Each structure stands twice: as structure tokens, then as C-alpha cells.
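Single-structure report; data block below.
The values are calculated or read from the model by the stated rules, or taken from the named source; none is laboratory data. The shown structure was predicted, so the numbers you read here are calculated from the model rather than taken from an experiment. No Cβ is skipped: glycine too gets one built from the backbone with ideal geometry, and neighbour counts run over all protein chains shown. Note: areas computed on protein heavy atoms with side chains; ligands, DNA, RNA excluded. Shrake-Rupley method; radii C 1.70, N 1.55, O 1.52, S 1.80 Å.
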Amino acid sequence: MIFLFYMLSAIMIICALAVVFSKNPINNVIYLIVCFIAMAGHYILLNAQFLAVVHIIVYTGAIMVLFLFVIMLLNLNKAIILRKSKVTRITAVITGGIFFLVLVAATRQTFEIHPRYPFASDIGLLTQIGKVLFSEFLLPFEMSSILFISAMVGAIMFGKKDEH
Amino acid sequence: MSEKQYPKMAPTVAETPEGVSGQGFFATSMEKAVGLARKNSLWPLPFATSCCGIEFMATMGAHYDLARFGSERLSFSPRQSDLLMVMGTVAKKMGPVLREIYIQMAEPKWVIAVGACASSGGIFDTYSVLQGIDRIIPVDVYVPGCPPRPEQIIDGIIKIQELVGNESLRRRNSKEYEDLMKQYNME
Amino acid sequence: MFEIIPERNQLVVKKLTDCFGESIERSEVLADMLCLTVKSAVIQEVIFFLHNDKELQFNFLTTLCGMHYPDREQLGVVYHLHSFENNHRIRIKTEVPLSDPKLSTITTIWPSANWQERETFEFYGIIFEGHPNLQRILNVDDMEGFPMRKDFPLEDQTRDDKDDSFFGR
Amino acid sequence: MKSLTNRSKVVSDKKMTFMERIYIPAILKGMSITIRHFFSKKATINYPEQKREFSKVYRGQHVLKRDDLGRERCTACGLCAVACPAEAITMVAAERKPGEEHLYREEKYAAIYEINMLRCIFCGDCEDACPKEAIFLTDRIVASDTERKPFIYGKDILLEPLDPQQRIDISARQTEKVIQFKQNKGFAHNK
Amino acid sequence: MDWTIIIFKTILLFIILVVTLVVALYSTYGERKVAAFMQDRRGPNRAGPFGLLQPFADGLKMLMKEEIIPLTANKRLFILGPSIAMTTALLTGVVIPWGGTFTIGGQEFSLQIADLNIGILYVFAMVSIGVYGIMIGGWASNNKYALLGAIRAASQMISYELAMGMSIVALVLTTGSLSLHDIVTQQHGGHWNIFYQPLGFLIFITCSFAETNRAPFDLPECETELIGGYHTEYSSMKLGFYLFAEYINMFISSAVITTLYFGGYNMPFMDQLGLSPNAVTLLGTAFFFLKIFGMIFLFMWIRWTLPRFRYDQLMNLGWKGLIPLSIFNIIATGVYYFFTELK
Amino acid sequence: MKEISSAIQLIPLEQYVMLSVALFSIGMMGVLFRRNTIAILMCLELMFNSVNLLLTAFSAYHSDPSGQVFVFFIMIVAAAEVAVGLSILVMMKRNVDSVDINLLNRLKW
Amino acid sequence: MAKELNTDYWDKDLVKAEEPREYNTLNVGPTHPATHGVFQNVMLMDGEFIVSTEQTIGYIHRAFEKIAERRPFYQITPLTDRLNYCSAPLNNMGWHMTVEKLLGIEIPKRVDYLRIIIMELSRIADHVICNSVIGVDSGALTGFTYIFQDREFIYEIYEEICGSRLTTNMGRIGGFERNFSPKVWDKIRYFLKTFPAKLQELENLLVRNRIFMDRTINVGAFSAERALAYGFTGPNLRACGVDYDIRVMNPYCSYDEFDFIVPVGQSGDTYDRFMVRQEEMKQSISIIRQALDKLDKMEDKETYFAKDPRFVLPPKEKVYNNMEALIWHFKIVMGETDIPAGEVYHCIEAANGELGFYLVSDGGRTPSRLHFRRPCFIYYQAYPEMVKGNMLSDAILTMSSMNVIAGELDA
């Protein structure tokens, strides 16, 4: 199982890097899809089956399809030629790296003090999540529908062609 | 109308040695199996321009039913088809299109010229009509008639099936075939 | 078939001669319909007049085709007009010299004349002035010559499965 | 526009009723039609094994007729070649030599008679044009081939066999009057 | 985990793979035969007895055909497309309960490879990945027809997934479980869901037509408009994969429909027969396949009857027809259960 | 399923934290680095997901389902963000024929 | 970041923003399945919508008019077969009538009726193809195979009459080559008995199906004024609501003795065209029935050609026996009969509209000019205007419902 974890993590990291560094948008999308599928694997490892499936449906099945769709529709395949100097790119890489180091350093402190909770295996199951979602988080759940509607309206408004 | 100008498209049916000698048993039976498979699954690309196209519709129809030979799946995409059926007059304007389609088809491919117009120009011996498609692409089987009856079209397909079934697997890589293609300026 | 209606024919001839006078060279009733020969300079106006006249109402261009008169060194265009309302058909002919075959277009009156004029251009080389897109339509673009002129050979010169000597050529 | 013929009738009805609007009934109706055909008798003729009946007057492969004595009827008059719109017929005439009377009916005969079957459009004009009852189209179909050359049918293929049993019957293509006429052996044509 | 079970599951996996492939293979044959019979024809009958070897002929031919990858195409994606289509089509079969349980030596062997408690969602996830095969393939061909097909496929699948999911919600309301196994067992004894959810069934089957790109929703590949749609540029076995994936999808969705609405491997009077449980299981599986074949026949029957939709009509039907209907269905089901539960 | 979940306990939580931090940094790097708007949106998704992973890991290790519920909410936000973002992108492409993020600094077109 | 941005780079982009750039071109044809192999339409597409169309034709231009100038009159019949090959006998008859008009041959009534039967049969054959192809192009292949079985039956009738199935070369100038055999009459009667039910089946399969109605209603609609301006004739014009039918307006071939209605549509869309053709087939059936009645009432059962020596070949038995007849036969075949100089225009209501023959003769062996008024050639010009703003699928249905026959289009 540990092997599985490392393999998935490696896939994720490699794909994520590929997303950042590959120039072709279509390849980006495909790497990201692989990355997300690996992430679904992580969720299954964490015994969050429901989340894993929903993750695949939402991210790979809907969001990334949208990305791909837009890329196809607009024919964005031509990679934008990077006109930034190398300095900028190196700066970006260094910034990212430093950020990573800082975060690691910051979280390292907490690692020693984590308490071990008893591992309940049914946390990720449908019933548990459902119960929590519809009791504790009922209001945010309903609010999210409003968010969705506004996003939908916004998207349609943006996407509409000018009549004139 | 010399032999040279219209090269013989029919592959020489090699006396394939059965058994261990020569190609070996496996190769021979493989060849046979592939030949059988190909011949029973000829997907035509109907390049139907005129009258013969209507007769081809009749061939596809219930009375004649080309499906019996496994050829009812018409594919208008040249990549997916095995058999280019040229039906009807091919004008000089159409010539390059036909050639392009032939080139786009995936090997192995066969061509059948249905009807007088496609085979020789028929009654249209005019300035605008190509006098037989064998000037631009190699033709395997000619079907006479103007338009041919569906029976004749089916005959032509059976003839093609014989060719296909007997074709050696190596033919498409052979020198002879390369020469043929060179004659038509195709690589 | 087409009934010849003398009154209508006379009416057409009268109206046209009133309006165009000398430009209407000849009018005769051939086998089935009235046939007018018109000077090429006024062809567009004549047809426009026939189309717009409230009484004649030639609202339909049946067909338009070219002609070649090799003995006269002339090219011709023949128009067939049809009035649905009166069920009356007439034929209008005009001629242009082979050396300068220019004619004004009638695509402004009927868009259906577009391709027919292109075809006529292609076959005979008659240039329709004012045509939106006067190009070859049926043959390959880089073809030379005008195939329907009498001196153009019909046969494909490259075929080899026929022996011309058998067919009296 | 006013009616031109007084016989017109509007035939299309574009209003959909509610039942048509909900797709299902029409779909079921269509499906019932197709399923009925699914179980009905098939129209297919299994061609190579089972041949469709051709009309007796079908215009297929040509035949050069012989007369009852087995002499070639063709006299190489060339009318069929003239009448052929596809210019598919070529012939070379020759004089009959003494001693060939059992082969050729008339003094002239076609030494070479070729029909380019790829050019031929089977219009039947040659049959119409023949004044000697020599060329007929028959209800046989011309076979396909892999090359162009064999399609020039010479006399060896076109001529009907000598054997009276294998003669090709073309009486269905002739009018009754001709058949009656042929009964009468008195005329020179029928001798 | 018990080793016997693992071995059993492996064998079962293999069997299901083979069965799926064989069924899909013969669906192509069946399709051609059904089409022929509906059109008063005879259909393929030259390859083998009754043309039974026709699918193998097609397969071998495609295998031996030249592979053409267009110069302008994106090579890697061009190959990736059909692979995704095929893989996702095959993956779905894992969660379908193909039968009851065998009891051999006291050990119970379920004829379902993985009884996920979110079985339906898994099916959905696989279906939603399946669209990539078409999209990527169509896009990578670098052909306008293929691109049009791919775009049509993508928008069609996204749209119809919604209505499909919502029709399932109503079904889940009646069954109370997302596990396919539970759903099947609940329908035991003739309590098929189609009797409780007729509207939901109609919506679901319409959507599954759309998801599998079958007529009248075969817009992505419609022959007369887009030549071959997304697979216009494909030749040889890659084309074979696409065509094959369609039939596998059809088989799997028939299985899903049967599981959800027609009681899966349940058959009427299976308890009254007085057979041994193992025999009943076997019989149930056979009956399940019978139902699936019936469903596949329905797919073909409809394909050879109806004209196809136009792109905007398809969208209208999806968004303005099926989604409101399915929402109505959810509400109606909810209200019904609300009042009956109260009593 | 039981086997998997017991096995997962062998992996220390730190590993998940490290993984998600790495992902987050990569995503951030991409946002800084890329000029293609669509790529930037994708990198944003990557960042979202690293957070999701972290939340799920904590929720699993702490046996508290609320973490996973929050993942849902993040998904909702992500979906909404993508919908709006992509439609902006489509409009941008339509109006300036480019998806270069640097063109957006004019705040008008 | 803004510092290093090259400003003229994006300014150039903004300038480019003025022009529409979402359009892309789609090349439909010439081997596209819906274009019947020979038309090319380069469509400028806005997504799935058509912005404009550019047509290329001439892919099977065969120089008909040129050939016609080099062939004797009777050899032009096989050419006319290949104009609209879906209804070849109609064209044959039209051409024969034109020549008869030039020569002034009196045609016996019986020949007229026989011709009407053949013409209406071939009209049915043509409409069958068109309507079933509309079905095929809209995705319903099955109707095509059903109705094609009946077309096959029409073929059988043709074959029994003249010996050919599609390009029939049927009839001769002045009549027919042989009398109709009893088998022909049986087949025609059988056809009349079975065909209406089959036609109804096709209608049941498609016409009231909402999918089909949605696909066809308001697709490729065309107003009557535009249709007239574009020279529409035949069913396509009638679908626009103009009841122009040459059979009624300029009756030829004794059509004035027949009673039939002229179906018209409302708005000239694909559905109207489909329905008009459907109704025309039913009318044709009724015309054939009337013709059969009239023939039954006639005493004469033998006449099948006009008694005119100029073009009608003498009976074969006379040719075989009689020298005068033989010479006459030679003269006709060689094309040396007396042909008056003159010009005629004759048109018939062909399946696609007004098929006209403008024949100019200078008294020679061949026509000095023969112009075919090909209805397809004239109305196909309107296609870009018809499909503008429609979707790709509509364009395909419009194309098939216009029944553009390539042979007729390109000549």
C-alpha cells in the first residue's frame, strides 16, 4: 500500500510539473486529467470512495471536458510563444521553490505533535458524509446552489455573443 | 490499349507451396485466413457520380443486398474503406479528386470501375470526360454495362473477392506493386 | 402544346416596337412561339421592359442559351421568356459579332440567369458585362477555347480504344 | 400569386398535435412498422446461386445470328456501326470466296466484327438498325474482367454456336408480324 | 482476503472481459443482421454459416490494414483516443452484478467483481471519462469533420449526463442505495423498478442512447453529415477500437439498464422453481443476458427506425425536455415517498 | 476496503502534507509562470486540488467527515470558477484573438 | 511585468480584432455522402451555422450539347437518358416529342396514353428516390429500402417494355419500339395495386414523426418570389405555393384529358417538398389508372408508333423482304431523311421541373443546336440562399430535398 501511495504521488507530481512546463494546452489538459485520476486513487487510499468517484465525475468528467472543449472550440492549440526573458522564468521557479521550502519548514513543526485518532473506516462512506452534509452543513449546502446559479448566469452572460 | 499502358493489376496467383516447404505452413494458412477475412469484409467507398450510382443504390437495396457479401458498410471516408467503387462518369475536373481519394485510402485497396463511363468513357467520348479511370488510378476490375445491372455489379464484387482472397500478403510490398504505383506517379 | 395566341403576340410586338423602334429587327411566329430578333445593344432594356410591363408580365426566364453561326461569324444568345399570368411564351434572339462578343447581363433581373450566362460564356465566349462572377463553370478553370463553337473538336484526343477511321472522321 | 391551374391543393400540414409533440406515439408507430418487416418474408434474391428472372427483351450481351443452315447472317453493311451512339462497333468487310457459301449467307461478310463492351451502352440501336436480322442483344449479361483488353469482343464470342441446340432464341424481341413472316419459307430472307 | 476469492474474482474478471468482447463482436454481426431483417434483406451470410464469422473477418481485416496517421495529426493523441475509448468502455463491467452467488464448499462467490457501495456513481465516472476518447481522437485528427464530431460528442455527452444522473436520483430515492447489488436484490420477485419509475426509465434510456452515440443521437459520427465524425481519419484497428467501443458501450449500458430497471438477474418465479441455489444463480445469469440481448435489440430496433436529431434539437431535448422532466420525476417521487413514509 | 484503510495508517500524515504542499507550490509556480490563461486556470485547479487532498487526508486521519464535506464545497467553488473563467476566456479569445494573460492588464478591449 | 511587454504586439492583435475570425470553412463534397458525389460546396461556417456557401459544379460535365450536335436525331435518345437518370423515360419522351413537333408528326392517341403511363411511372421512380434519400440523409435508412423495392418493380416494368432498367432508351421518335406485352400490363396493374400501400408505409414511418418534422419544417424555406426569380420549376416551385404545372398549363401528350390535382406547399421548406412529391406520386397513380381505363375502352390495341415514314423505321418484316423498305431503313439509320429546318422549344413536366429542349435544325443530319433546359442546373443556384443561416444538417437535407441530379446539373 505504501508503494501504491508513492507511485500515485510520483505520478501526480510528474504530471503536475508537466502541466506547468508543457507548452501545448491540449497536453496540459491531458496531464492534468492523469493527475486528477491519480488523485482519485489517493482518495480511495484514504477510504473516501464517494469523494473519489465524485472527484472523477466533477473534475475529469465535467471540468476538464470543459477545458478541452474550450481549447477545441477556440483552436488554442498554438502555444503562445513565451516572450518573457529567462530571468522571469527562473524567478518563477525560484519563487515556487522557496514557497515550497517555507511551507515545508512551517509545517514541520507540527508534525511532531500530531495526536493519533482512532481510524474510523466508514468516514468516507456515503451515509456518513450525507448525514454531516445535510445536518451540520445544510445552510452552506443550500447557499452553494445560489453560487452555482450565479455562476451559471454569469457564464451565459459572458459567453453570449454581442447582438449588435 | 497495349499491355504496357494498362498494367495488369491482377496479382499473379502464386502457387503457394502448402506445408513446410517454401513459406511454411503457418505463413500459408495465415495468408489464407487473411485473404478470407479481407474478401468477406470489403468495405466499399462508393464514388458514385451518375447513373451507375443509382444502380448501386439498387444493389444496396433489398432485392440484391450487397450486405450478403459483408460489404454493406459504406464508408465515405477513404481511410476506412477497402474498395473504391467508381461508378459513373469521371470528368477531367473530377480526375484529381478521384486520384486524391485513391491516395488517401489505406492499403490494401482495390478499385472497381463500374459501368462504361468509368471504365472507358462510354458514349461520352468528349473533351471533358476522362476516357477511363485507369489513366489516373490502377483498376482491378472493370464492370461493363451502362449502367450495369446489379447482378453485374455483384459479379464484379465477386471477382474482386477472388482477387482479394488470392492476394499474397507480400504483394503490397513487392517490387511489382511499387512499379505499378510508379507508373501512376504515386509513391 | 403551346397555344399561339395571336392577340398577345401582336401586343408584345406592338409594345416593343413602340418603345424600341428600330432595335427590334425581326418578329416572326415560328412553329410554336413568337420569336423576336433584337439588337444586342438593347437586349437588357428589352427584357427589363418585358419583365416590368404590367400587361405583359414576363416574370419567368425559362432558359437562356448561346448560339454559334459560323457562316456569319456571329454568336447569338437566345432567351425564352414565360409569363405565368398569361401563360405566354416568347423567344428573343440577339446576335453579337464573333470578334467582339459583348452583351449586357440580365442577372440583375433574374438571378437564375447567373449560371446560365456563365455557361454561355464558357461554351461560346460571350462576355456578359456586369455579370457578378463570369468564370468557367462546368469545365476545369485552365481550359482553353470555347467548346460549343463549331470548330472545337468534340472528341477527347487522348483515347486509344477507338479507331477514328471507322467512324468517318 | 393567383392560382394558375385551379387544381391546386395544399398538401402539407405542419401543425403538430399534442400526441405528435411528445415523440413517443410516432416512434412506437414507426417501430411497429419495422418490426413487422423484421418477421416478414425477405425480398432478397441470393444472386449468384439464385438468378432473377430477366425479361425476354433484356438488352445484354450481343449475339451475331446464324441462319438455320448455320451461315452467318451479317453482311457487313455497317448500319449497326453507324447507329451506335457510343461508336463501339468496328467491322472489316470481306468478299465471300467460292467455297465459303456454307459459312456466309451473302457475298459480303464481316471478317472482323468487334464490339467494345466497355464502350457499349446496350441501347439496342444496333439491333434496330440491322436490316439482316444478324445482330441482336440477348438476356445474357456481360461478365466483368480484370483487364481492359478482353472487353473487345470479337466474332469468336459474339457469334452464336453452330450447334442448333445451342442457338440463342431471340424470338421474343421480334414483333409477331416478323415471326409470322419467318414462318413463310418462300421469301428469300428465310431460306 | 481469502485466496480462493481472489482467484475466483480474477477468473471472473477474465470471463467478463471475454464475454464482453464476444458480445460486442457479435453485436456488430447482430446489428447488421437486424438491420437487414428490418429492411427485408438477408444480411451477411457468406462468411461462415449464416455469416457467423463476419465479425472475425472484419476484425482480421482491420488488423491487417495499413495504419495511417495523417501528417497533420497529433500522433500521440491520435493513438491515445481509441485506447481511452476502448479502456473506459471495458472498465465499466466491473461493478455490474452479473448474477447471484454461487456456494461452493460453504464459500460464497458473488458474480459481481466489485460491490462498490457507490456502484452507479462508478458507472457514471467511467462514462464521463469515456468522452475523452472521442474528443481527443476527433481533435487529434486535425480534420474539420472530426473536430465537429468531437465537439458534438462532448456537448451531447455533458448535456445528457445531467438528465441521466437526475433520473437516477429518483431511482435511488425508491431503492435507497447506490450499490448495484442492493438495487438488484430489492427488485427480487418481480418488483422491477420500471413499474415504479416508468418516467425515469424513459429518461434514462433516452440518455443512454445519447451517451452511447446511437441513433437517433448519433450526431458525432453521423454518416451523411460528417462522413464518419470523430473517426473520419481513423483506419485499421484504431477505427476498429472506436467501432468496437460503441458496441461495448451499448452492451454495458444495456446491462446497466437491465440492472437498474429490469431486475438484473432476477426472474419471475425463480423461488418457486424449487431448484438448487446454484442452478437458480446460473439460470438468473442466463436470464440476465437474455434481458440484455433484448435491450440491445431495442437499441438496434430504434436505430433502424428513426431519423436523427439535429444538433440544436438534441440540445433542446436534453436541456428543455429531459432535465425538467427528470426534476419533476425527482419531486414526484420525493413527494410520494414523503407521504407514504409518514403513514 | 478494510484492508486498504488499515494499510493507509502506515503512511504518516506528514507525507500527505508534503505532497499537497508540493502540488500547491507547483500550481503556484504555474500561475506565476504561464502566460496562457487557460493554463493558468488549470494551475489554479491544481492548487484547489492540493487543498482538497489535504482536507481529505486530515479528515480521514482525524475521523471527522466535515473535512470531506468541505472538499465538496471546494469542488463547487472550483466548478463555478471554471465556468465563469472559461466563459471570460472565450470572450477574450473572441475579442482579441488571444488568450495571453498579459492582454488583460488593460482591463478593457 | 508590463514593462517588458511589447506594446505593439498586442496593439496589432487589437487591430486584428476588428475582423470576424470565428468562421471557418468546411469543404462539403465532392465525395461527401450527402452531395451525391459530385457537388462541391465550400461553406463558411460559424460553428454549426452556415454563413455563406460557394458552389462548384461541373464535376461530371459531359458535353451533352456538343455531342448532340454530332449525332443524328435518334441517337440523342440515349443521351437524354443520362440527363436525369432517375427518370430516364421521361426525358426520352420529352425528346421524342420535341422532334415530333419539329417534324410535325401526328401521334396516335394510344401512343399518347402509353407514353403517359411510362412518364408517370418514371415520375414515381424519381420521386421515390428523392423522398427516400431525404429519409436516408435524415438518418432513417429503413424507409429507403422499403420503397426501393417498389422502384425495383418499376424497373421490371421498364425492362419488360424495352429491355433496360435505368437508362432505358425507351421509345423511338414516333412511338415505341415494340408493343407492350401482356406481361407489362400485368406488372403495371400489380404495381398500381401494391404501390399506394407502400407509399403510405413510408409516410407512416416518417411524416408525422416529430423528429422528422422538426428536421424538415422551416428548413431551407424559400419564398415564391425568390423561387420564381431563381427559375424554380416542378415540385420545388410547387412547394413554395405556386401551382405551375406544365401538364395543366400547356398540356402535351393528351394530358388535358386527365383529371388530377396539382399539390402545392405552404412555405417551400423541406417538409413541403417532401409532401408535394408524396402527393404527386399518388396523383401519378391516379393518372396511370385513368390512362389504363382509356386504353381499355379503346378498340385499337395494336398501334404503338405513328404512321409517318420519315423517322419511324419500317417494320422489320418489310425490311427483310422489300427493297423499298430496305432503302428507307438505310436512309433513316444513316440519318438522311428530310428534316425541315426550323426551331422549336418543347418542354415537359419532368420530375424536377420544366425540362425543355430548344432544338434548332438546319435541315442536316444532326441538330445544328440543341439546348437542354435542365431544371436542376437552374434552381441549384439558389442553394446558397436557401441554406444561409441554417445548420449543416439542414443544408444536407435541403440538398437532398431539392433533388439535384448531377447528370442533369452538369449536362
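Assorted remarks:
- By the rule of a C-alpha distance below 29 Å, with chain neighbours fewer than 8 residues away ignored, the lysines paired with C:LYS54 are C:LYS14, C:LYS15, C:LYS39, C:LYS93, D:LYS2, D:LYS9.
- With R₀ set to 22 Å, the beta-carbon distance separating G:ASP293 from G:SER181 gives a calculated FRET efficiency near 0.65.
- Surface listing: E:LEU91, C:LEU134 arranged by accessible area from highest to lowest gives E:LEU91, C:LEU134, probe 1.4 Å.
- Amide proton proximity set for B:VAL111, modelled H, under 5 Å, gap of 5+: B:LEU84, B:ASP140, B:VAL141
- Whole-number percent relative contact order across region D:42-105, with pairs defined as alpha carbons under 8 Å at least 6 apart: 29
- Over chain C: helical MRE at 222 nm, DSSP H runs n ≥ 4 each giving -39500 (n - 2.57), nearest 500: -7000 deg cm²/dmol
- Of the residues C:SER99, C:PHE20, C:SER112, the one whose Cα sits farthest toward the positive end of the charge dipole of region C:6-153, with +1 on the Cβ of Lys and Arg and -1 on the Cβ of Asp and Glu, is C:PHE20.
- GNM top mover of G:LEU26, G:LEU102, G:LEU359 - chain G, alpha-carbon springs below 10 Å: G:LEU26
- Dividing the convex hull volume of the alpha carbon atoms of the protein assembly as shown by its residue count gives 228 Å³ per residue.
- For B:LYS93, the lysines whose Cα falls under 20 Å of its own Cα, not counting residues fewer than eight places away in the same chain, are G:LYS66.
- At R0 = 41 Å, FRET efficiency that the Cβ-Cβ distance of F:ASP64 and E:LEU13 yields, to 0.05: 0.70
- Under 17 Å, Cα to Cα: Lys pairs in region D:62-190, sequence gap 8 or more or different chains: 12
- Partner lysines whose Cα lies under 17 Å from the Cα of E:LYS61, excluding those fewer than 8 positions away in the same chain, are identified as B:LYS32, B:LYS39, B:LYS109, E:LYS238.
- Mean projection area, nm², convex hull over Cα of region D:95-173: 6.5
- Per-residue 3J(HN,Hα) values for region G:264-280, derived from phi via the Karplus relation 6.51 cos²θ - 1.76 cosθ + 1.60 with θ = phi - 60°, read 10, x, 9, 10, x, 8, 4, 4, 4, 4, 4, 5, 4, 5, 4, 5, 4 Hz in sequence order (x marks Gly and Pro).
- Residue order by solvent-accessible surface for E:TRP192, E:TRP139 is E:TRP192, E:TRP139, largest first, with ligands and nucleic acids left out and a 1.4 Å probe.
- Angle between chain E longest axis and helix E:236-261 axis [Cα atoms, degrees, rounded to 10]: 20
- Long-range amide H partners of C:THR63 with built H, under 5 Å: C:HIS80
- The angle between the Cα long axis of helix G:141-162 and the longest principal axis of the Cα atoms of chain G comes to about 20 degrees, rounded to the nearest 10.
- Rounded to whole Hz, the Karplus (6.51, -1.76, 1.60) HN-Hα couplings of region G:368-383, x for glycine and proline: 7, 7, 9, 10, 9, 8, 8, x, 4, 4, 7, 7, 5, 4, 6, 3
- Accessible heavy-atom area order of G:TYR271, A:TYR6, G:TYR320, highest first, probe of 1.4 Å: A:TYR6, G:TYR320, G:TYR271
- For C:HIS68, nonlocal amide neighbours, meaning residues 5 or more places apart or on other chains whose placed amide H falls under 5 Å from its own, are C:GLY76.
- All Cα-Cα separations within chain G were binned at 10 Å from zero, giving a P(r) of 5, 21, 29, 22, 12, 6, 3, 2, 1, 0, 0, each value a whole percent of the pairs.
- For region A:1-78, the solvent-accessible area with a 1.4 angstrom probe is 31 square angstrom per residue.
- Estimated distance in nm for a label pair at E:ARG76 and A:VAL153, the labels positioned 7 Å out from Cα along Cα-to-Cβ: 4.3
- Shown in residue order for region D:95-112 are the 3J(HN,Hα) couplings computed by the Karplus curve 6.51 cos²θ - 1.76 cosθ + 1.60 at θ = phi - 60°: 7, 6, 8, x, x, 10, 4, 7, 9, 10, 6, 9, 5, 10, 8, 8, 6, 10 Hz (x for Gly and Pro).
- Degrees, to the nearest 10: C:43-52 long Cα axis against longest axis of chain C: 50
- A:VAL132 exposes around 10 Å² of accessible area when a 1.4 Å probe is run over every protein chain in place.
- Computed label-point distance, nm, for sites E:THR340 and C:GLU73 using a 7 Å Cα→Cβ extension: 10.0
- All Cα pairs of region D:1-91, percent lying beyond 19 Å: 76
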